[in-house]
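What follows is one structure encoded as structure tokens, with my remarks underneath.
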Amino acid sequence: MIRFGHLDIDYDDRVLTPRTWTVRQSEWAAELSAALPDGPMLELCSGAGQIGLLAAAMAGRPLVCVDANPAACAFNRANADRAGLSHLVEVREGSIENALDPDERYCLVIADPPWVPTAQVERYPEDPRTAIDGGADGMLVAETCLAAIARHLSPGGSAVLQLGTTEQADRLSDMVQRSGLSIQEVRDSPGEGVLVHLTRAASIAGADAGYRTA
């Protein structure tokens with residue numbers, strides 16, 4: 001068990017060990033929440049749930065968590081119960097593409113995809129490969145998350161996406177141009193990771209068209 005903000009988070013070697021620096025992602029999401037209309041929030045690649053649960057505890061919003069790992073989902077539910085947040089939290093086990101209905105919209109999205117390039121995963125033998133392997137350039141799952149954000153973020157909503165490096169954040173800029181989203185701010189924690197604040201305009205043509213790859 002680890003202390004994450006004011007929450008106690010349980011986990012084991014089947015899931016990614018919570019990184020305490022990612023408390024900043026929870027705090028930023030909760031800060032953004034204060035300016036958004038009422039509605040639920042969504043966490044993608046939620047793992048044991050620490051980032052979304054802390055954000056939900058601070059923001060007081062309902063939270064839907066999505067992860068494909070059964071062990072991660074079990075820990076997420078148990079951690080929500082321990083924190084007294086079960087009434088706010090729904091955990092869905094499955095792929096991002098299949099866990100959400102097309103018409104679901106969220107005013108706030110948190111995304112914590114694996115972002116380590118495949119050639120570098122051996123540097124982290126203590127971590128489950130599926131929790132850290134982001135494909136050749138580390139952006140494979142991040143792009144899936146971006147597509148989901150484009151489909152499910154409400155007009156006027158905000159998202160906070162976690163990446164590994166500023167170089168990855170730079171590559172995200174090209175993807176965002178096709179998504180109907182815009183990058184508002186990038187926060188770098190050197191040696192740890194990068195957080196990107198994305199928004200969707202309150203009113204744009206084709207607001208529900210979603211992410212296009214071409």
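Data table
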item	result
Test for His197: is it surrounded by fewer than 19 Cβ atoms within 10 Å (Cβ to Cβ), out of contact with any His (no Cβ under 9 Å at 6 or more places or on another chain), closer than 17 Å to Ala29 by Cβ and at pLDDT 95 or above	yes
Test for Glu143: is it within 14 Å of the chain's Cα centre (by Cα) and open to solvent by 50 Å² or more (accessible area, probe 1.4 Å)	yes
Search result, residues across segment 3-21 that are open to solvent by 40 Å² or more (accessible area, probe 1.4 Å) and either under 19 Å from the mean Cα position of the chain (by Cα) or touching a residue at least 24 places away in the same chain (Cβ under 8 Å) (or both)	Gly5, His6, Asp8, Asp10, Tyr11, Asp12, Asp13, Arg14, Leu16, Thr17, Arg19, Thr20
Options Ser33, Ser26; residue that is crowded, with 24+ Cβ neighbours inside 10 Å, among the polar types (S, T, N, Q) and more than 12 Å from Asn76 (Cα to Cα)	Ser26
Residue count, segment 3-25 (criterion: farther than 18 Å from Asn69 by Cβ and in contact with a strand residue (DSSP E or B) (Cβ under 8 Å, 6 or more places away or on another chain))	7
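The values are calculated or read from the model by the stated rules, or taken from the named source; none is laboratory data. Since the structure is predicted, the reported quantities are computational estimates derived from the model, not experimental observations. Note that we place each Cβ from the backbone using ideal geometry, even for glycine, and neighbour counts take in every protein chain shown. Areas reflect the complete protein model, heavy atoms only, side chains present, ligands, DNA and RNA absent. Shrake-Rupley method; radii C 1.70, N 1.55, O 1.52, S 1.80 Å.
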